[in-house]
Amino acid sequence: MQRKLIPGCVVLALALVAGGCSSGKGMKPKGQLVKNGQPVQVAEGDYYIINLVPEVDPNAKDTSKGQYSASKPAPDGSFTVDDATGKGVPPGKYRVVIKKMDMPKPSAEGRPMGTPGDGLGGRYDERNSKLTWDLTTYDGQVKQFEIGK
């Protein structure tokens, strides 16, 4: 009876170790928007778009990495980044794209007139953002992104 019990315990122990080593989940990093060193006050109608775009080696064979979006910032400007499936963001280096969408005023009939504008003047859009986030060794700390200078 002891002979049958020992191999079973070994198989169970190996399964537990293997399961713990490869969860396949990414991280859900936390950030905060700040203006002149102070947390951005996000009002009820404010709409921010925050994306992480992977910095891709131009010599890499696969340059088709997607981008990751943040949750709607909380009133204190804090946010969490995730992927569309909830599995998190893989380790890597990312460029941070931030836009504050200024919605056009509605017409007399209540329809929007024009297209939304970027309340940050395009300083942190896909073409101009110099903000980066190195998530190769993310330690769980909230990273602040200055958008006011």
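The values are calculated or read from the model by the stated rules, or taken from the named source; none is laboratory data. Everything numeric here is computed off the predicted structure, so don't read it as measured data. As a convention, Cβ positions derive from the backbone with ideal geometry for all residues, glycine included, and neighbour counts pool all protein chains shown.
Annotations for the structure displayed:
- Residues in the stretch 77-118 that are outside any strand (DSSP E or B), closer than 12 Å to Asp46 by Cα and modelled with pLDDT of 90 or more: Gly77 alone.
- Tabulated pairs, the stretch 75-101, first touching a residue at least 24 places away in the same chain (Cβ under 8 Å), second surrounded by fewer than 16 Cβ atoms within 10 Å (Cβ to Cβ) and small (Gly, Ala, Ser), C-beta under 6 angstrom, 6+ apart or interchain: Phe79/Ser71; Thr80/Ser71; Lys100/Gly119
Condition check ((1) of a type in the set (Phe, Trp, Tyr); (2) modelled with pLDDT of 95 or more; (3) part of a loop (DSSP other than H, G, I, E, B); (4) in contact with a Phe, Trp or Tyr (Cβ under 6 Å, 6 or more places away or on another chain)) across all residues:
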site: Leu5; (1), (2), (3), (4): no, no, no, no
site: Ala13; (1), (2), (3), (4): no, no, no, no
site: Ala18; (1), (2), (3), (4): no, no, no, no
site: Gly24; (1), (2), (3), (4): no, no, yes, no
site: Leu33; (1), (2), (3), (4): no, yes, no, yes
site: Val42; (1), (2), (3), (4): no, no, yes, no
site: Gly45; (1), (2), (3), (4): no, no, yes, no
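- Hits in the stretch 39-56 - residues which are of a type in the set (A, V, I, L, M, F, W, C) and crowded, with 19+ Cβ neighbours inside 10 Å: Val40, Val42, Ile50, Leu52
- Filter pass, Pro54 being modelled with pLDDT of 90 or more, in contact with a strand residue (DSSP E or B) (Cβ under 8 Å, 6 or more places away or on another chain) and over 16 Å from Leu135 (Cβ atoms): no
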